[in-house]
Amino acid sequence: MPVSDDPHSPRALAARLLSLLDLTSLGESDTPAQIEALCASALAAPVLPAALCVYPEHVAGARRHLQGSTIKLATVVNFPDGGGDPARVEREAQRALAAGADEIDLVLPYRALLAGDAAVAGAVVRACRAVCGDGIVLKLIVESGELGTPEHIRQACAIGLEAGVDFLKTSTGKVPVNASLAAAAVMLDAIAEAGGRCGFKAAGGIRTLADAAAYLDLAEARLGPGWSDPAHFRIGASALFGALVAAASAAS
């Protein structure tokens, strides 16, 4: 839909953020009816979100509801615990792709990394990358709030970048400390140093339009104006979806 000529207006910002949104429902008690309603909301939005992310058991149903749209369908693997078994991750990813997922959000074995076992973390990421191949977007959730220090966050980013992931993602949203601008800066700097091919996703605890805009501004400051398209920047701020829809639909 048309938006204000001013790219900094609330309406234009909301429309842009909608186009970068991974609309997510990862509730333990999600029902097929709730996922169907979420799909309907996404399809009715004035600007379609980049993706819809649900648990693997809801992928097939969501695929049917989104058929014919440009919205990508994402799911989670090794979630939220970040276990260290590559074979388990391979099985989960294979089933998710068979059900119709376009994108995989994989949790890094962050506890193994904190314990000094970077080899296990790398093995899990490489296993999932191999299953996904070149045609499936792979987002690596580093769980930056649990990693804590810039050094650990940089190490996690290096593992993902070396394995060829498509996005580095801050958080699962299931731990006490999720996305932060400080962690995002470390991650974006790692992406920039690697040439800017890998994307970035901020997720967890983003509650306001100002919060979301801050991550967008940070990404553009680190990687340049225009870098933050849906192929390089996503935001998991589903609590904001209604507000974004309202702002993007507002009269000029």
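Screening residue 9 with (1) modelled with pLDDT under 95; (2) open to solvent by 20 Å² or more (accessible area, probe 1.4 Å) gives one miss only, at (2). Can you confirm whether residue 219 is open to solvent by less than 60 Å² (accessible area, probe 1.4 Å), closer than 19 Å to residue 158 by Cα and hydrophobic (A, V, I, L, M, F, W, C)? It is true that residue 219 is open to solvent by less than 60 Å² (accessible area, probe 1.4 Å), closer than 19 Å to residue 158 by Cα and hydrophobic (A, V, I, L, M, F, W, C). The set of residues in the range 185-210 that are charged (D, E, K, R) and modelled with pLDDT of 95 or more comprises 189, 193, 197, 201. Close contacts from the range 41-66, counting a first residue that is touching a residue at least 24 places away in the same chain (Cβ under 8 Å) and farther than 11 Å from residue 22 by Cβ and a second that is in a loop (DSSP other than H, G, I, E, B) and of a type in the set (Gly, Ala, Ser), with Cβ to Cβ under 7 Å and a gap of 6+ residues or different chains, come to 43/69; 48/69; 59/100; 59/101; 60/100; 63/100. The single condition among (1) crowded, with 17+ Cβ neighbours inside 10 Å; (2) modelled with pLDDT of 95 or more that residue 238 does not satisfy is (2). Looking across the range 160-192, the residues that are among the acidic types (Asp, Glu) and open to solvent by 40 Å² or more (accessible area, probe 1.4 Å) come down to 162, 189.
Taking the range 34-93 as the range and being at positive phi and surrounded by fewer than 21 Cβ atoms within 10 Å (Cβ to Cβ) as the test, only 68 passes. Inside the range 95-125, residues that are closer than 24 Å to residue 67 by Cα, open to solvent by 30 Å² or more (accessible area, probe 1.4 Å) and β-branched (Val, Ile, Thr) make up a count of 0.
The values are calculated or read from the model by the stated rules, or taken from the named source; none is laboratory data. Bear in mind the structure is a predicted one, so any value in this text is a computation, not a measurement. Note: ideal-geometry Cβ built from the backbone for every residue, glycine included; neighbour counts use all protein chains shown. When the accessible area is computed, the model is the full protein with side chains, heavy atoms only, and any ligands, DNA or RNA have been set aside. Shrake-Rupley method; radii C 1.70, N 1.55, O 1.52, S 1.80 Å.
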